1. How many residues are within 15 Å of the ligand (Cβ to nearest atom), touching a residue at least 12 places away in the same chain (Cβ under 8 Å) and within 13 Å of residue 116 (Cα to Cα) when one looks only at region 129-159?
2. So, residue 96, is that one farther than 20 Å from residue 171 by Cβ and not in a helix (DSSP H, G or I) or not?
3. Within region 134-148, identify whether any single residue is at pLDDT 95 or above, on the phi > 0 side of the Ramachandran plot and either part of a strand (DSSP E or B) or touching a strand residue (DSSP E or B) at 6+ places or on another chain (Cβ under 9 Å) (or both), and answer yes or no.
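The values are calculated or read from the model by the stated rules, or taken from the named source; none is laboratory data. Not measured: the values here are computed from a predicted model. Cβ atoms come from the backbone with ideal geometry, glycine included; neighbour counts cover every protein chain shown.
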Ligand SMILES: Cc1cc2nc3c(=O)[nH]c(=O)nc-3n(C[C@H](O)[C@H](O)[C@H](O)COP(=O)(O)O)c2cc1C
């Protein structure tokens, strides 16, 4: 399958980047085509709610920023993976911008499944992020491929790698 991972931590060698990379390695080993985009290092503004995309733009977003390179990837993705650190009980601002910029296409047309990778310091801080993920997934009527969370003592461990590999196997 064609898998797109959006990685939303600014820390290039951080815990979320590690989870996204482990997912990528496992998915490629299983024969999937994977694109991993480090959205935290892209220039992606928030949606302007100008509705150009739903009118004159005919699906195109008016904002000419790095999101323009992600739109073709979203058009082709069959699995969409969101990977984010928990910032104040939700996903990072860096990943919220590209999620909300999908407004122009309403739903990435080929996505059948989603998955969520979350990294945090504390346990039990995932409800906000999981609620958003499940809301989007249900709104798009796509399957839940699974969720892996890792708090401080679970970061970059064999146990977390095993959970990610198991999630990839179920895709
Ligand atoms: C701005 C900010 C807000 C954070 N908020 C939370 C939080 O609400 N709950 C929590 O458990 N950890 C919180 N953390 C800690 C990160 O989620 C945690 O260190 C995570 O592993 C960072 O991922 P990274 O290594 O990919 O950057 C926060 C960190 C930052 C920088």
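1. First, pick out the residues of region 129-159 that are within 15 Å of the ligand (Cβ to nearest atom): 129-132, 148-157.
Checking the rest, the ones that are also touching a residue at least 12 places away in the same chain (Cβ under 8 Å) come to 129-130, 132, 148-152, 155-156.
Add one more test, that the residue is within 13 Å of residue 116 (Cα to Cα), and what stays is 129-130, 132, 148-150.
So the answer is 6.
2. Numbers: farther than 20 Å from residue 171 by Cβ: yes; not in a helix (DSSP H, G or I): no.
No: the conditions fail for residue 96.
3. Keep residues of region 134-148 that are at pLDDT 95 or above, which gives 134-148.
Then drop every residue that is not on the phi > 0 side of the Ramachandran plot, which leaves 141, 146.
Now drop any that are not either part of a strand (DSSP E or B) or touching a strand residue (DSSP E or B) at 6+ places or on another chain (Cβ under 9 Å) (or both), which leaves 146.
Yes.
Condition check ((1) within 11 Å of the ligand (Cβ to nearest atom); (2) loosely packed, with under 14 Cβ neighbours inside 10 Å) across all residues:
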| position | (1), (2) |
| --- | --- |
| 4 | no, no |
| 18 | yes, no |
| 43 | no, yes |
| 53 | no, no |
| 68 | no, yes |
| 71 | no, no |
